[in-house]
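A.B. asks: The structure is given below, and queries will be raised subsequently.
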Amino acid sequence: MKYLMMVTGTQLDYEAMAGKASEGNPAWGEKDMQTMFAHMQKINDDLAETGEMLAGEGLAEPAKTRFVTPDAEGRPVISDGPYGETKELLAGFWILECENLDRVTEIAKRVAECPAPAGAPARPVVIRPILDSGGDLC
């Protein structure tokens with residue numbers, strides 16, 4: 001079974017990782033970043049070794065996001081992010097092929113244990129099964 005495992009973040013999270021603190025989001029130092037990257041790289045290496053990782057990437061900050069939505073007449077409206085109504089956006093993802101949901105949950109627990117500076121917000125790790133073509137939507 002294939003799964004999409006995602007981590008979320010806010011613009012303030014990205015700014016904190018760039019060294020700019022805000023309320024509830026302490027600034028990350030160079031050592032914090034190195035520790036975080038080493039943790040994630042170890043997970044990626046382990047998943048590559050087991051053959052479970054099909055793809056995975058970190059994403060640019062929400063300020064570089066673009067939304068394309070149809071207006072009332074169906075014409076595309078292009079908006080730059082981030083938006084006040086959208087606080088958390090996708091920050092990174094993995095596409096995994098695992099035996100079952102329990103295995104993906106084990107991996108998500110490792111991701112959730114990623115080191116961060118004291119006081120940094122905890123963001124969920126989201127797991128979504130990927131439908132086979134023609135799979136059940138409900």
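The values are calculated or read from the model by the stated rules, or taken from the named source; none is laboratory data. Values in this document were obtained by computation on a predicted structure and should not be read as measured data. Here Cβ is always computed from backbone atoms with ideal geometry, including for glycine, and neighbour counts include all displayed protein chains. Keep in mind that these areas ignore ligands, DNA and RNA; they rest on the heavy atoms of the full protein, side chains included. Shrake-Rupley method; radii C 1.70, N 1.55, O 1.52, S 1.80 Å.
A.B. asks: Would you pull out the residues with amide H under 5 Å of residue 130's amide H, same chain only if 5 or more places away, H placed 1.01 Å from N?
C.D. replies: So residue 130 has HN proximity to 2, 3, 4.
A.B. asks: If you only keep lysine pairs separated by 8 or more in sequence, or across chains, how many in the chain come under 20 Å at the Cα atoms?
C.D. replies: 7
A.B. asks: Here's a follow-up. About the Cα centre, and with charges only on the beta carbon of Lys, Arg (+1) and Asp, Glu (-1), how big is the dipole of the chain? Nearest 20 debye, please.
C.D. replies: Here the chain has a charge dipole of around 240 debye.
A.B. asks: Further question on the same structure: Any idea of the accessible area per residue across the range 1-110, 1.4 Å probe, to the nearest Å²?
C.D. replies: Here the residues of the range 1-110 average 63 Å² of exposed surface.
A.B. asks: Once you wrap a convex hull around the alpha carbon atoms of the range 1-123, what is its projected area averaged over all directions, in nm²?
C.D. replies: One quarter of the hull surface, i.e. the mean projection, equals 9.3 nm².
A.B. asks: For the range 9-138, build the charge dipole from Cβ charges (+1 Lys, Arg; -1 Asp, Glu) around the Cα centre, then report which of 76, 24, 55 sits farthest towards its positive end.
C.D. replies: Toward the positive end, the furthest listed residue is 24.
A.B. asks: Name the residues whose placed amide hydrogens come within less than 5 Å of the amide hydrogen of residue 8, ignoring near sequence neighbours (fewer than 5 apart) on the same chain.
C.D. replies: So residue 8 has HN proximity to 91.
A.B. asks: I would also like to ask the following. Go ahead and estimate [θ] at 222 nm for the chain from helices alone: -39,500 (n - 2.57) per DSSP H run with n ≥ 4, summed, over the residue count, rounded to 500.
C.D. replies: -9000 deg cm²/dmol
A.B. asks: So for the chain, averaging the separation of alpha carbon pairs under 8 Å that are six or more residues apart and normalising by length, what relative contact order in percent results?
C.D. replies: Over the chain, the number comes to 42 percent.
A.B. asks: Let me ask another. What is the set of long-range amide H partners of residue 65 at a cut-off below 5 Å, with H atoms built 1.01 Å from backbone N?
C.D. replies: 81
A.B. asks: Please report the carbon-and-sulfur percent of the accessible area for the chain; probe 1.4 Å, protein heavy atoms only, DNA, RNA and ligands left out.
C.D. replies: Solvent-exposed carbon and sulfur of the chain make up 54 percent of the total.
A.B. asks: Apply the Karplus curve 6.51 cos²θ - 1.76 cosθ + 1.60, θ = phi - 60°, to the phi angles in the range 126-133 and return the couplings in whole Hz, x for Gly and Pro.
C.D. replies: 9, 10, 10, x, 9, 6, 6, 4
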